[in-house]
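Bear in mind these aren't lab numbers, they're just calculated from the coordinates by the rules spelled out. Every value quoted in this text rests on a predicted model; they were computed, and no experiment measured them. All Cβ positions, even for glycine, are placed from backbone atoms using ideal geometry, and neighbour counts span all protein chains on display.
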Amino acid sequence: MFSEPYMQRAFLAAILLGPLCGLLGVFVTARRMAFFSDTVAHSSLAGVALGLALGFRDPTWVMVGVSLMVALLILWLRERTDLLSDTIMALLMSTFMAAGLIGYSLLRGFRGELDRYLFGDIFSIGPEEVVLAFILAMIVFGLLFVWLSPLTLLTVHPDLAHVAGLPVRKLNLVFVVLLTLVVAMSIRLLGIILVTSLVVIPPATARNLARNLRQESILSLAAGLLGGVGGLILSFQFNLPGGPTIVVTSSALFAISLVGRRWRQRPPQPTRSWI
Amino acid sequence: MPDIHFHPGGLALEVRGLRVSLGSTQVLRGVDFHVPRGQVVALIGPNGCGKTTLLRCLLGLQKPESGEVRVFGRHITSEVLRRVGYVPQRLTLDRSFILSVREFLCLKLRETRHWFWQSRRQTDGLLQSALPDFELAPLLDRPVAALSGGQLQRVLIAYSLLGNPELLLLDEPTAGVDTPGENSFYELITQIHQRHRLTVVLVSHDLSMVYRHAARVYALNGVICCEGTPEEVMNADSLRQAYGIHVTPYHHEHGPGHHHVLPQRPQP
């Protein structure tokens, strides 16, 4: 299984990006930013179309650039208008996705490329992308561990972070940029449609089993790694598509964690009225 | 404006001519007041009178159109904020974010900032020696999001005290706390005030707490419409200015010094 270079590269990408998304996801979900990640991912379709139209053989860089632009546009509109974040994100997501689809319809003969970005193609990852994923993983892991306390405080209460002397706006901006880069990079693994699952499912799995943030971070990182590598092995063994198999494997881990939760004592939770 | 030299300890807080508009509404219309060091004071006013906006100005979160805020005689910078403890009304924390009380408290102490890599024994020892009289041990393993109103209040105060503040700002401290919880909260504030000689500012719409716990009261309604000792402020005239309705303080029977104030709707 590991003798083929394309398999080695796919495994390396899963080993790097699975745990990275898992750890980052702990804060993404706690800060209710799952939809943000979805918006950035879907909008990147416009970047791919633009890159191909400009004649790039590999439009990854243009895609990353457009994703970053959309992320910053969300922040800008949130500060400048009274619109709710949800509205802003839904608006940008549909606009950029529609622009991407129009772009594709004008370009002839790129149907394969469209599928590759929509659904991901982990087995086509090139050596440069593995190097990029490695550099990004080192930077994000490094920053996450250095900024674990500031980021945690920001999640608990932005005003407390301000009083503690933290540069709240800058921290927010750095977090958004890092999340966008990681999501854009992971699109090659799972595709635009499924990529958000990488930052949502592992933290959800970890939350079922953890009693504190340290356990949650470690378990989410482990769930990201297991889901990525396990899914890749299953997809190779049974000749299934890579991205979807990774997602289904992660969801299976989540289901197992739900069973584990039943045996764990939890403090009584307030009931939700809408259930 | 009273002379600064009447307060040998100096002023903890000075607010002069503070004006703030939110959208087209002028929320603060020239707020002037000062708080001497070492006192427990209350800033009261009805909902929508600008309490939250004023609090945000005191913390440097809201820039005023005009006027100034000085904390310990200095403009607000991150240096000055280090001497301020802020206790918010509630946290923005998602219920599913499993941050334990131990981890939350560790965020405040320089020595425990790397809690992720430190052992529980190490961090507990440091927290215990920083706050020897706080009975925190039973709460340390609980997730912050699962605490009751009273427990969260206690943890938030402990968190602020870990920074050794000289000024403590509490936003609606008794909202969401039941009566026994309220009593133990005020006992805690008295204890802290006596032990650490802090200046405490209680921001609240709850008039009944003022009699028992504040040395000085400021009533806010866009401007400071009256200030003084609780007895001075609680006369119906000045309170009517703040609340815009008829208010009758009455003294009732469950214990000395326990007063309640009943706001009444104006009669047509």
Apply 1/(1 + (r/R0)^6) to the Cβ-Cβ distance of A:R169 and A:L240, taking R0 = 51 Å, and write down the FRET efficiency to the nearest 0.05. 0.70
Partner shielding of A:172-182, as the mean number of partner chain Cβ atoms within 10 Å, equals 0
Partner chain coverage, peptide A:140-150 - average Cβ within 10 angstrom: 2
Rounded if a/c is under 1.5, else prolate if a/b beats b/c, else oblate: with a ≥ b ≥ c from the C-alpha gyration tensor eigenvalues square-rooted, which is the range B:94-164? oblate
Can you compute the charge dipole magnitude of chain A about its Cα centre, using +1 on each Lys and Arg Cβ and -1 on each Asp and Glu Cβ, nothing else charged? Give it in debye, rounded to the nearest 20. 780 debye
For the protein assembly as shown, build the charge dipole from Cβ charges (+1 Lys, Arg; -1 Asp, Glu) around the Cα centre, then report which of A:V66, A:S124, B:L131 sits farthest towards its positive end. A:S124
So for the pair A:L106, A:I218, with labels modelled 7 Å out along Cα→Cβ, what separation do we get in nm? 5.4 nm
Each label point is 7 Å from the Cα along the Cα-to-Cβ direction; what then is the distance between the points at A:V146 and A:A255, in nm? 4.2 nm
Where a label projected 7 Å from the Cα of A:E4 along Cα→Cβ would reach, residues of the range A:230-255 with amide N under 19 Å: A:230-247
Taking amide H atoms as placed 1.01 Å from N in the peptide plane, list the residues 5 or more away in sequence, or in a different chain, whose amide H sits under 5 Å from that of B:I224. B:D32
At what distance in angstrom do the alpha carbon centres of the range A:163-242 and the range B:68-84 lie from each other? 40 Å
Based only on Cα atoms, what Rg/Rh ratio does the protein assembly as shown have, Rh being taken as Kirkwood's radius? 1.05
Partner aspartates and glutamates for B:K51 [C-alpha distance under 20 Å; skip if fewer than 8 residues away on the same chain]: A:D159, B:E14, B:D32, B:E65, B:E68, B:D171, B:E172, B:D206, B:E227
If you take the square roots of the eigenvalues of the alpha-carbon gyration tensor of the range A:53-168 and sort them as a ≥ b ≥ c, do you get rounded (a/c under 1.5), prolate (a/b over b/c) or oblate? oblate
Residues whose modelled amide H sits under 5 Å from the amide H of B:L43, counting only those 5 or more places away in sequence or on another chain, are B:L202, B:V203, B:S204, B:Y218
Can you sort A:V168, B:V31 by how many other beta carbons sit within 10 Å, fewest first? A:V168, B:V31
Row for the range A:5-262, column shape: gyration tensor on C-alpha, a ≥ b ≥ c, rounded if a/c < 1.5 i.e. under 1.5, prolate if a/b over b/c, else oblate; value oblate
Sum -39500 (n - 2.57) across every DSSP H segment of at least 4 residues in chain A, then divide by the residue count to get the 222 nm mean residue ellipticity, nearest 500. -27000 deg cm²/dmol
TM-like helix rule applied to chain A (DSSP H, alpha carbon span at least 15 Å on the long axis, mean Kyte-Doolittle at least 0.0) gives A:5-30, A:34-53, A:60-80, A:85-106, A:127-146, A:168-194, A:197-209, A:213-237, A:242-262
Let me understand the range A:130-232 better: what is its radius of gyration from the alpha carbons, and its Dmax, in angstrom? 14.8, 46
